[in-house]
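Shown next, in structure tokens, is the structure this report addresses.
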Ligand code: SF4
């Protein structure tokens, strides 16, 4: 995977989905009604200009390898043309864990697919059952193993706040996904979208939606786990769309800048570690990397306020430093019992 890839997205909404997962309405989530046909895909690729840019063709929004084989082959033919003509450099697709086997992987290999993204969503069988996923945690383990052994790049998706889910189950899911050694992970806190089974459950009072605050709290615990395992989290939260923002997302953890909120919360917790044990009434000066200063302060200085309250500080000031990302520095502390008026430099 390259972080600098420009993506040519090809939407295949619900194509190949043998189940209707309770939370899913790809047409509303992606804001597009119709899937792209093979001839349209070919035309789209032909129209791409020749550039040195590194481009990835991404089939998303459905379960690619569960699409009728003939239809898969037509799309893959068009994609392979794009590869050979130098219009794209790599192909990625997303699919279900129970739609992977040796024959499927051979076919994808023949057509030059490089990255397979699996919707794992949870590693708890009860959560998977209540979410209508139609596959088990063991299917995720097995499919991931086969994908890695066949030499593909593996990306795993997980969700939080699904029916029957708890923060403990989310942490367990994250640990299990880490053990499968993917090259990347996407985390999608559950959003209640109109015209889904989850919407009906929520309206009937049978499902309690996860709030943005709850999602931020759990994701701020998940992110450091993946970071520590050197597994990049390449997406956090649904891509904001016009439709979702203007009413299709009726409840749950929908926020156009969810990833920023989570990163800011991670920094808050790191700063909390530095403040641990300081006496109430202290005056503290901290420094955060220049590029992360606004994340460290939090939206509307919410991190400053929350930490001042949590540690009963007289004042917390956060300034910037030019050092490495993620590095937080405790610059000075003035304790309440210091009568000499001198500040303790750290
Ligand atoms: S979540 Fe994936 S597998 Fe489930 S219905 Fe949506 S596209 Fe299909």
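The values are calculated or read from the model by the stated rules, or taken from the named source; none is laboratory data. Everything numeric in this text was worked out from a predicted model, so none of it was measured. Note that we place each Cβ from the backbone using ideal geometry, even for glycine, and neighbour counts take in every protein chain shown.
Data table
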read-out	value
Boolean, residue 312 is assigned by TED's automatic domain parsing to the domain that holds residue 163 and either surrounded by fewer than 17 Cβ atoms within 10 Å (Cβ to Cβ) or at negative phi (or both)	no
Pick from the stretch 87-111, criterion touching a strand residue (DSSP E or B) at 6+ places or on another chain (Cβ under 6 Å) and farther than 19 Å from residue 235 by Cβ, ranking: surrounded by the most Cβ atoms within 10 Å (Cβ to Cβ)	88
Check on residue 142, assigned by TED's automatic domain parsing to the domain that holds residue 228, assigned to a strand (DSSP E or B) and either away from the ligand (no atom under 12 Å from the Cβ) or within 25 Å of residue 223 (Cβ to Cβ) (or both)	no
Within the stretch 115-135, considering residues that are within 14 Å of the ligand (Cβ to nearest atom) and in a loop (DSSP other than H, G, I, E, B), the one nearest to the chain's Cα centre (by Cα)	122
Output for the stretch 294-340, where each listed residue is free of Cβ contacts under 8 Å to residues at least 24 places away in the same chain and within 20 Å of residue 279 (Cβ to Cβ)	304, 305, 308, 309, 338, 339, 340
One residue from 260, 269 being within 30 Å of residue 192 (Cα to Cα) and either part of a strand (DSSP E or B) or within 17 Å of the chain's Cα centre (by Cα) (or both)	260
Residue satisfying all of: in the stretch 177-207; part of a helix (DSSP H, G or I) and under 16 Å from the mean Cα position of the chain (by Cα); surrounded by the most Cβ atoms within 10 Å (Cβ to Cβ) among these	177
Neighbours by Cβ (under 7 Å, 6+ apart or cross-chain): first from the stretch 1-30, closer than 20 Å to residue 113 by Cβ and within 10 Å of the ligand (Cβ to nearest atom); second modelled with pLDDT of 70 or more and assigned to a strand (DSSP E or B)	12/59
Flag for residue 73 being touching a strand residue (DSSP E or B) at 6+ places or on another chain (Cβ under 8 Å) and modelled with pLDDT of 75 or more	no
